[in-house]
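These notes are about the structure you will find just below.
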Amino acid sequence: MHVLIVDDDEDFANTAATVLRAEGHEVQIELDTEEGRQSMENRCPDLVILDVMFPEDASAGFDLARVIRHEEGKLKDVRTQIDEIYGKIRKYEAERRGSEEQERRDQQKEDEKERVDAAIEKMQSGKRLTFDEFILAQRSVADDKKTKKRRFKKASEDVVKVVTDDSSTAEPEVVEAEEDTEAIAEDSSEE
């Protein structure tokens, strides 16, 4: 990126230029507004860093800013390209944050599962549980029961099929249950 610095403070201009060059930008320094204007006519910069207060003429920086705004047409294409690049950067950053957030959630789920498994193992071995471990173990047992009930209900719906006959009323037809369905039914009846 070509950067033009127009500033009467040479120390500031040189310091800013050093930083920008270290970031890989091409930098040109002009110490008064007339030289800055000529430099812009010779080569349109991608960015102008402009001091608006100059000792020889307090309005010189403002005047140059008006010239830049007036000749905005030349800079419009550059600005459009920069806006497109920033749009792509924002999209990339959002996608990266989204994937990082998903990784964080996955890690939290994995950590939670490990804690639950450890609490259940401790409970099954007869050891005393902390309050948090007890809550985790109980939540896990309750979730398992809900999952079994859902599987049983789904299996029950699959077992009974309604056969419709065009000429008669609908009669339910019971189809023999598969072994999985019977095992699930036994598990849920024990509860």
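Here are some notes:
- Here the gap between Glu23 and His2, fully extended at 0.36 nm per residue and compared with their Cα-Cα distance, gives a gain of 6.4 nm.
- FRET efficiency estimate (nearest 0.05) - Cβ-Cβ, Glu121 to Arg90, R0 45 angstrom: 0.45
- When Leu136, Leu31 are sorted by how many other C-beta atoms sit within 10 angstrom of their C-beta, beginning with the fewest, the order is Leu31, Leu136.
- Going from the fewest other Cβ atoms within 10 Å to the most, the residues Val141, Val27 appear in the order Val141, Val27.
- Taken about its Cα centre, the range 2-70 carries a charge dipole of about 400 debye when Lys and Arg each add +1 at the Cβ and Asp and Glu each add -1 at the Cβ.
- 3J(HN,Hα) couplings calculated from phi for the range 23-38 with the Karplus curve 6.51 cos²θ - 1.76 cosθ + 1.60 (θ = phi - 60°) are, in sequence order, 8, x, 8, 8, 10, 10, 10, 10, 9, 9, 5, 5, 5, x, 5, 5 Hz; Gly and Pro show x.
- Two-site FRET efficiency, Thr130 against Glu103, from Cβ-Cβ distance with R₀ of 25 Å, rounded to 0.05: 0.30
- Gain in span if fully extended, Glu34 to Lys153, counting 0.36 nm per residue against the direct Cα distance: 34.5 nm
- A DSSP coil position with no more than 13 other Cβ atoms inside 10 Å describes the following trypsin sites (Lys or Arg not before Pro) in the range 97-147: Lys127, Arg128.
Throughout, read-outs are computed from the coordinates displayed, never taken from laboratory work. Remember, it's a predicted structure, so these values are computed and weren't measured experimentally. Neighbour counts are summed over all protein chains in view; Cβ atoms, including those assigned to glycine, are modelled from backbone coordinates with ideal geometry.
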